[in-house]
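**Q** Take a look at the following structure, please.
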Amino acid sequence: MIRWILAACALAVAAGAWVLSGPDPLPEDALDGLVADAANGERVFIAAGCASCHVAPEADAAVAAPVMSGGRRFESQFGTFIAPNISSHPDAGIGAWSDMDIANAVLRGVSPDGAHYYPAFPYTSYFRASAQDIVDLAAHLRTMPADPTPSLDHEIGFPFNIRRTLGLWKLMAGGPEMVLAGDVSPEVARGRHLVEGLGHCAECHTPRNGLGMADYDAWLAGAPEPAGDGRVPAITPDALGWTAFDIAQYLSTGFTPSFDTAGGDMVEVIENTSRLSSEDRDAIAAYLLALPRSGG
Amino acid sequence: MTRIIRLSVLVAAGIAVAGIASAQSNDPLAAAVKARQSHMQLYSANLAVLGGMAQGRMDYDAEAAQAAADNLAALASMSQRFYWVPGSHAGAVEGTRALEVIWTDGGIGAEAEAFSAAVAGMQDAAGGGLDALRAAIGPVGASCGSCHENYRQSNN
């Protein structure tokens, strides 16, 4: 008898886990009434750095019409992820995807056939973007060149190769609430949108726990370099000690206030931030300076 | 138990001695690291004049801009082979951020050439007005940045 009860319980837990780990796509009406603005779409595209990850290895990402044929490799503690082709090619890329398909990928980490994406695709930041941003972005993506290079499979082992397990990971990793909560000035709000959402700054600057989830208590407080043995610096106001002007100049030119120049992975981030408007860079600076001190 | 404690004291002492040794300037690898970092600091000191004017942190001054650009060109023309010593990379020597690939992937020469070309452009432009200086500073910064992207560890 007791054995049956236990078996029933185990089955219930497994069924619960299966249900919980299912995909959570956007509501069907999420994009209703939104009209695409391709000019804003280009801004979203640059701020989000899509091309930095999706161009071929060694190809130039900071050009007007990058060829996003994929192939770049991202080493992690779970294995190697390989960026797929997201060019406008109808078969090899995402040329045949609807706005809703693209929105579910970027805002929910869910594929058109309902599978979970790995967070090497930084939707754990992008989920703070707006539906309007994504409709605009989708219009811009359709203007990008098509390329027939097939996407490659990731090089990851069991159990991480079971995409369903990512459903529980997503539940545990935390939701899309803004981290700097509450009422802020319009400039800080714009900076928050860029830093916490599109710019995905925390993917590198915030430490992760053993399961690869962001430690929100150490927001932007510095982290080990994902692919090497160095460190990504803290960018909280006290750790940085820079003025708004210093930060905006760094994001525009790569020069620090002491005229060292940025290195490592930050160089390709600056290739993007240098193409934003100066208002956007000022907004990023205002946001960083509005963060609580890290106490360091 | 006491054995373990004694052993770990010995190990700690050994680490301390090794630390002191590598910090001393009579260690040739540590001296090489110090020399090349000083070379980089001289780049920064001169870039601060050019970049400071380009960013509006200080007023444009043709004579000072030209002097800084000439200094950068002189620094870029110097042979640095005596302080980029094989075996002096991050992980092998204390206090350096130079990545080991500098000595293995064969790309560092092209970085240095791109840097020299950008600095030559600056030398031609710096004394010719603020707009010319501003146009020339992008390539200089990009060439410093490209080398730091590929060959310098992030570790601040």
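**Q** Could you list, in sequence order, all residues of segment B:69-103 that are touching a strand residue (DSSP E or B) at 6+ places or on another chain (Cβ under 8 Å) and of a type in the set (F, W, Y)?
**A** Once the filter is applied, which keeps residues that are touching a strand residue (DSSP E or B) at 6+ places or on another chain (Cβ under 8 Å) and of a type in the set (F, W, Y), segment B:69-103 yields only B:W84.
**Q** Right, here's the next one. Does A:P159 satisfy being over 15 Å from A:L288 (Cβ atoms), in contact (Cβ under 8 Å) with a residue 12 or more places away in the chain and part of a loop (DSSP other than H, G, I, E, B)?
**A** Details: over 15 Å from A:L288 (Cβ atoms): yes; in contact (Cβ under 8 Å) with a residue 12 or more places away in the chain: no; part of a loop (DSSP other than H, G, I, E, B): yes.
So A:P159 does not fit the description; no.
**Q** Sticking with this one: I need the full set of residues from segment B:75-128 which are of a type outside the set (A, V, I, L, M, F, W, C) and farther than 21 Å from B:S44 by Cα, in order please.
**A** B:P86, B:G87, B:S88, B:H89, B:G91, B:E94, B:E100, B:T104, B:D105, B:G106, B:G107, B:G128
**Q** Looking at (1) modelled with pLDDT of 90 or more; (2) under 30 Å from A:D37 (Cα atoms); (3) within 18 Å of the chain's Cα centre (by Cα), find the lone condition where A:V232 falls short.
**A** (2)
Conditions (1) among the charged types (D, E, K, R); (2) touching a helix residue (DSSP H, G or I) at 6+ places or on another chain (Cβ under 9 Å); (3) under 28 Å from A:A64 (Cβ atoms), marked per residue:
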position	(1), (2), (3)
A:A103	no, yes, yes
A:V110	no, yes, no
A:D113	yes, no, no
A:Y123	no, yes, yes
A:V135	no, yes, yes
A:F158	no, no, no
A:K170	yes, yes, no
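**Q** Looking at B:A136, B:A125 in this structure, which one is within 14 Å of chain A (Cβ to nearest Cβ), crowded, with 16+ Cβ neighbours inside 10 Å and more than 22 Å from B:S38 (Cα to Cα)?
**A** Going through B:A136, B:A125 in turn, the sole match is B:A136.
**Q** Go through the residues of segment A:106-115 one by one and say whether even a single one is in a helix (DSSP H, G or I) and surrounded by fewer than 23 Cβ atoms within 10 Å (Cβ to Cβ).
**A** Yes, segment A:106-115 contains a residue that is in a helix (DSSP H, G or I) and surrounded by fewer than 23 Cβ atoms within 10 Å (Cβ to Cβ).
**Q** Suppose we keep only residues that are away from chain A (no Cβ under 12 Å) and touching a strand residue (DSSP E or B) at 6+ places or on another chain (Cβ under 9 Å) within segment B:32-54. Which one would you say is surrounded by the fewest Cβ atoms within 10 Å (Cβ to Cβ)? So that I can check it myself, show each step before the final result.
**A** The first filter runs over segment B:32-54 and keeps only residues away from chain A (no Cβ under 12 Å), leaving B:32-36, B:38-39.
Now restrict to residues that are touching a strand residue (DSSP E or B) at 6+ places or on another chain (Cβ under 9 Å): B:32-33, B:36.
Values: B:A32: 20, B:V33: 25, B:R36: 18.
Taking the candidates together, the pick is B:R36.
**Q** How many of the residues in segment A:237-290 are more than 11 Å from chain B (Cβ to nearest Cβ), surrounded by 22 or more Cβ atoms within 10 Å (Cβ to Cβ) and part of a loop (DSSP other than H, G, I, E, B)?
**A** 0
**Q** What pairs can you find where one residue is in segment A:213-227 and free of Cβ contacts under 8 Å to residues at least 12 places away in the same chain, the other is surrounded by 15 or more Cβ atoms within 10 Å (Cβ to Cβ) and not charged (D, E, K, R), and their Cβ atoms are less than 8 Å apart, with a gap of 6+ or different chains?
**A** A:D215/A:T206; A:D215/A:P207
**Q** Checking the condition surrounded by 21 or more Cβ atoms within 10 Å (Cβ to Cβ) and of a type in the set (G, A, S), which residue from B:A114, B:A118, B:A90, B:A110 passes?
**A** Result: B:A118 is the single residue among B:A114, B:A118, B:A90, B:A110 that is surrounded by 21 or more Cβ atoms within 10 Å (Cβ to Cβ) and of a type in the set (G, A, S).
**Q** So A:G167 fits all but one of (1) crowded, with 18+ Cβ neighbours inside 10 Å; (2) modelled with pLDDT of 95 or more; what number is the exception?
**A** Unmet for A:G167, out of (1) crowded, with 18+ Cβ neighbours inside 10 Å; (2) modelled with pLDDT of 95 or more: (2).
**Q** Taking segment B:55-102, which residues are in a loop (DSSP other than H, G, I, E, B) and within 11 Å of another protein chain (Cβ to nearest Cβ)?
**A** As a first pass, look at segment B:55-102 and keep what is in a loop (DSSP other than H, G, I, E, B): B:55-61, B:78-89, B:91-92, B:94-97, B:99.
Passing the criteria: B:Q55, B:G56, B:R57, B:G91, B:R97, B:L99.
**Q** What's the total number of residues in segment B:130-153 that are small (G, A, S) and more than 13 Å from A:G254 (Cβ to Cβ)?
**A** Result for segment B:130-153: 3.
**Q** Return a yes/no flag: does segment A:213-233 have any residue that is buried (at least 18 other Cβ atoms within 10 Å of the Cβ), assigned to a loop (DSSP other than H, G, I, E, B), within 13 Å of chain B (Cβ to nearest Cβ) and β-branched (V, I, T).
**A** So far as segment A:213-233 goes, no, none of its residues is buried (at least 18 other Cβ atoms within 10 Å of the Cβ), assigned to a loop (DSSP other than H, G, I, E, B), within 13 Å of chain B (Cβ to nearest Cβ) and β-branched (V, I, T).
**Q** Still on this structure: I'd like to verify a number: residues in segment B:92-142 that are under 18 Å from A:G264 (Cβ atoms) and aromatic (F, W, Y), how many?
**A** 1
The values are calculated or read from the model by the stated rules, or taken from the named source; none is laboratory data. Nothing here was measured: the structure is a model prediction, and the numbers come from that model. Neighbour counts run over all protein chains shown; Cβ positions are idealised from the backbone, glycine included.
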